[in-house]
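Trainee: The following block contains the structure, expressed as structure tokens.
The values are calculated or read from the model by the stated rules, or taken from the named source; none is laboratory data. The structure presented is a predicted model; accordingly, all values stated were derived computationally and were not measured. So basically every Cβ, Gly included, is an ideal-geometry build from the backbone, and we count neighbours across all protein chains shown.
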Amino acid sequence: MIELDDIHVIFNKGKPLEKHALKGINLKIANGSFVTVIGSNGSGKSTLLGTLAGDVLPTKGRICFNDIDISHQNTTRRAALVARVFQDPLIGSCGNLSIEENLALAFQRGKNRGLGLALKKRNRELFRQRLSELNLGLENRLHEMMGSLSGGQRQAVSLIMATLSTSDILLLDEHTAALDPSMAEFIMKLTHEFVENHRFTTLMVTHSMRQALDFGTRTIMIDDGKVILDVTGEQRNKLTVNDLIEMFHRVRGQADIDGEMLVN
Amino acid sequence: MWWYLSQNALLGAVESGLIYGFVGLGVYISFRVLDFPDLTVEGSFPLGAAVVVVAILAGYDPWLATLFAAIAGALAGLVTAALNQIGKIPNLLASILTSTALYSVNLHILGGANVPLMTGDTIFTPFSSSQISDAVMRPLVLAFLGIIIIALLWRYFESNSGLAMRATGVNPRMSRAQGVSTAAQIFIGMALSNALVAIGGALFAQVNRYADSSLGIGTIVLGLAAVIIGSTFMPWKRIIFPLIGCFIGSIVYWVALAYALNGIPGMTPFDLNLVTAGLIAFVLIAIGKFGGALNDRT
């Protein structure tokens, strides 16, 4: 269980550019659930993800995982717990390292990194086998630089990287937003399989209302740093994309609606 | 004739190239692996020289004295890392502060501006023999040492810890998400880098049999010359190639310099730094114009 207890995040506190990004988030997320998070630009949804990852430490409030307080642990210390896929494929992996070196880095996520060889025969076998799941032919390109892959291929490898080492929480930050539609669909299919197989507690931030309802078991909407909608089960099954847009109208007023959301 | 260079001048150039190859390795680790522009080297090179000379004069074994020099260099690197990571001083400025402070430290260690190493064994002494001249023996010993250090570094960069250091320089955000403590990597990397530079200084002092507080001037440019020229000869991305490249680049640079000083009329040793800066500017402009891929980091 992830528990967020009255989480506030204030950037540049006391300065002219002060921004109150999260204004008292209270959430309880059961282990194994798949939560989709929507909200307009600047609503605080990415900050929420950053707070769970450890990139942003809460100004006030408490984050607990399985009753352990992790509020003050930074990203490095939470890495054993949290796997992530970023929106920008360039951020999620190292272009200047080979595919196998990137996988080796991810394989040691949250573990001690000693002087043992990063790439042993046994690891390579595992990496090859995992890459073959993608059917992209990458299993024969282990030595190539990550930077030589397309954005979609890099994102697919990022998903493999997220699942190479065991972790409890998977954070997906608009991880299909930078991809073309067919690649985005492929990545979502892969995401779905991985979440099923590895039994993560998943949070997926998305710009697409369609994705938010089609995937996962629960949907929350963030606006102005607060949770304004939280639906699961029957209630969620009945929701349509139009209902969500309707809700947006009510909260933000017509003019504020993100063009991208309507397109999706 | 301009292409004529005496055998001794050529051997001397190769010798200097090998010594500054160690500096090149250190500069490669800070500038390229960690993406941390580090001028500490201007202080850690003479620090290595000062420590080794004083230690040998105090009666220590030259290998042990060289180890002391490496440790002193590592400490200098740690100071820069601490100023940057704990003091939050921008990396370039932090390193300038350390190298400035080291100037005083070096004067204290030497007890003056210049100390000759007239007596006492160096690491080269046991290899001296009547079969082979010292001018040939020293480059051979230096090359052998270089190969050992390259092999050790290669092995390190292929380990889990070394991979974490390489990732830290390329993509710190991703590295943290993978559980790498980027701060720790910068401490380790800066210590390693300046230890190598100090070893370079220690070898310089043993070859030339003196240490001088002003030895450090231009060290960074000589190190960068090794890295940059090396990367044009060894452009491949696997980590072993740039490591070897540091030595190749450094030797090419010193031999070219020897030819320039010898062959261009009116050139004197006074022009050394002028030629150095000019040559590096030339190489950088050439890379910028024709080899953009070399600067590609993502």
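Trainee: Could you please find all residues in the range A:1-48 being buried (at least 21 other Cβ atoms within 10 Å of the Cβ), of a type in the set (S, T, N, Q) and not in a loop (DSSP other than H, G, I, E, B)?
Mentor: Matches in the range A:1-48: A:36, A:47.
Trainee: Kindly provide the set of residues from the range A:46-90 that are more than 13 Å from the chain's Cα centre (by Cα), among the β-branched types (Val, Ile, Thr) and within 11 Å of chain B (Cβ to nearest Cβ), ordered by number.
Mentor: A:75, A:76
Trainee: Hey, another quick one. Output the residues belonging to the range B:112-152 that are touching a Phe, Trp or Tyr at 6+ places or on another chain (Cβ under 9 Å) and under 19 Å from residue B:30 (Cα atoms).
Mentor: B:146, B:149, B:150
Trainee: Is it true that residue B:220 is in contact (Cβ under 8 Å) with a residue 12 or more places away in the chain, touching a Leu at 6+ places or on another chain (Cβ under 6 Å) and over 20 Å from residue B:67 (Cβ atoms)? Steps first, please.
Mentor: Working: in contact (Cβ under 8 Å) with a residue 12 or more places away in the chain: yes; touching a Leu at 6+ places or on another chain (Cβ under 6 Å): yes; over 20 Å from residue B:67 (Cβ atoms): yes.
Against the criterion (in contact (Cβ under 8 Å) with a residue 12 or more places away in the chain, touching a Leu at 6+ places or on another chain (Cβ under 6 Å) and over 20 Å from residue B:67 (Cβ atoms)), residue B:220 qualifies.
Trainee: Turning to a different aspect of this structure: Restricting attention to the range A:106-138, which residues are facing chain B (nearest Cβ under 9 Å), free of Cβ contacts under 8 Å to residues at least 24 places away in the same chain and not charged (D, E, K, R)?
Mentor: Matches in the range A:106-138: A:112, A:114, A:115, A:116, A:117, A:118, A:119.
Trainee: Now, a different point. Given (1) assigned to a helix (DSSP H, G or I); (2) polar (S, T, N, Q); (3) over 22 Å from residue A:225 (Cα atoms), identify the lone condition not met by residue A:96.
Mentor: (1)
Matching residues to (1) assigned to a helix (DSSP H, G or I); (2) within 21 Å of residue B:141 (Cα to Cα); (3) among the hydrophobic types (A, V, I, L, M, F, W, C):
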site	(1), (2), (3)
B:179	no, no, no
B:193	yes, no, no
B:211	no, yes, yes
B:228	yes, no, yes
B:243	yes, yes, yes
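Trainee: From the list B:217, B:188, pick out the single residue that is more than 13 Å from chain A (Cβ to nearest Cβ) and either modelled with pLDDT under 95 or surrounded by fewer than 24 Cβ atoms within 10 Å (Cβ to Cβ) (or both).
Mentor: Numbers: B:188 fails: more than 13 Å from chain A (Cβ to nearest Cβ).
Among B:217, B:188, only B:217 is more than 13 Å from chain A (Cβ to nearest Cβ) and either modelled with pLDDT under 95 or surrounded by fewer than 24 Cβ atoms within 10 Å (Cβ to Cβ) (or both).
Trainee: How many residues does the range A:66-123 contain that are of a type in the set (D, E, K, R), crowded, with 22+ Cβ neighbours inside 10 Å and over 24 Å from residue A:143 (Cα atoms)?
Mentor: Of the residues in the range A:66-123, 1 are of a type in the set (D, E, K, R), crowded, with 22+ Cβ neighbours inside 10 Å and over 24 Å from residue A:143 (Cα atoms).
Trainee: Name the pairs: first residue in the range A:15-33 and under 23 Å from residue A:216 (Cβ atoms), second residue of a type in the set (Asp, Glu), Cβ to Cβ under 8 Å, at least 6 apart or on different chains?
Mentor: A:25/A:6; A:26/A:5; A:26/A:6; A:27/A:3; A:27/A:230; A:28/A:3; A:29/A:3; A:31/A:168
Trainee: Looking at (1) in contact with a Leu (Cβ under 6 Å, 6 or more places away or on another chain); (2) in contact (Cβ under 8 Å) with a residue 12 or more places away in the chain; (3) of a type outside the set (Ser, Thr, Tyr), which is the one condition that is false for residue B:267?
Mentor: (2)
Trainee: Then there's this: For the range B:200-212, which residues satisfy the criterion of being touching a residue at least 60 places away in the same chain (Cβ under 8 Å) and surrounded by fewer than 23 Cβ atoms within 10 Å (Cβ to Cβ)?
Mentor: Once the filter is applied, which keeps residues that are touching a residue at least 60 places away in the same chain (Cβ under 8 Å) and surrounded by fewer than 23 Cβ atoms within 10 Å (Cβ to Cβ), the range B:200-212 yields B:207, B:209, B:210, B:212.
Trainee: Looking at the range A:49-85, which of its residues are at positive phi and either assigned to a loop (DSSP other than H, G, I, E, B) or among the aliphatic types (A, V, I, L, M) (or both)?
Mentor: Let us first name the residues in the range A:49-85 that are at positive phi, namely A:54, A:61, A:66-67.
Answer for the range A:49-85, where residues must be at positive phi and either assigned to a loop (DSSP other than H, G, I, E, B) or among the aliphatic types (A, V, I, L, M) (or both): A:54, A:66, A:67.
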